[in-house]
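Working notes for the structure below.
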Amino acid sequence: METKQESKSPKTKSPQASTSPVRVKRETKRRLQTELAKVNRKNFGKKVKMDEMILLLLGRLTEQDITALQEGSLSNADRLELAHREHVKAHGTISMDAFLGKILKGEISAIGSVPDKHSTTHVEQ
C-alpha cells in the first residue's frame with residue numbers, strides 16, 4: 001500500500017487589515033446606512049465613509065449618555081444588589097433576605113428608587 005502524502009504549504013500571513021467587522025442589529029445597520037446616504041447626498045467631494053461618521057458620533061458621546069447606557073444595562077437584580085450594598089454601607093451589615101424583608105414591609109425603600117405606585121395618593125374630583 002502506498003502512502004499518499006500531501007505537501008501542505010504553510011499559510012501565508014496576509015498583512016493585517018486596517019478594518020474589522022462589528023456586529024450590530026439589522027435595524028441599527030439600516031439606520032446607519034440611511035443616515036450615511038443622507039450625508040453623501042451632495043454634488044462635490046468624496047463620499048463620506050461609515051467609519052468617519054461613526055467616529056464623529058462617538059466624539060459627541062457625553063457623560064450623561066454613558067451613564068444612561070450603563071444604567072439601562074442593569075437588570076432588576078443588579079439594581080437590588082446595588083441598593084443592598086448602599087444600605088450596608090450606610091447602615092451596617094444586613095443579609096439580602098433581611099433587606100428584602102424590610103423593603104417588603106415598607107421599613108426601608110430601595111435607594112434611588114421610583115416612588116412606589118401603591119403609596120401615591122389619589123385625589124377624587
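A few points about this structure:
- Test: residue in segment 104-124 that is modelled with pLDDT of 95 or more and over 24 Å from the mean Cα position of the chain (by Cα): no
- Taken residue by residue, segment 82-93 has no member that is under 30 Å from S20 (Cβ atoms), in contact with a helix residue (DSSP H, G or I) (Cβ under 6 Å, 6 or more places away or on another chain), in a helix (DSSP H, G or I) and not small (G, A, S).
- Hey, E27 modelled with pLDDT of 95 or more, surrounded by fewer than 10 Cβ atoms within 10 Å (Cβ to Cβ) and part of a helix (DSSP H, G or I) or not: yes
The values are calculated or read from the model by the stated rules, or taken from the named source; none is laboratory data. Predicted, not measured: the structure shown is a model, and the values here were computed from it. Positions of Cβ are generated from backbone atoms using ideal geometry, with glycine treated the same way; all protein chains shown enter the neighbour counts.
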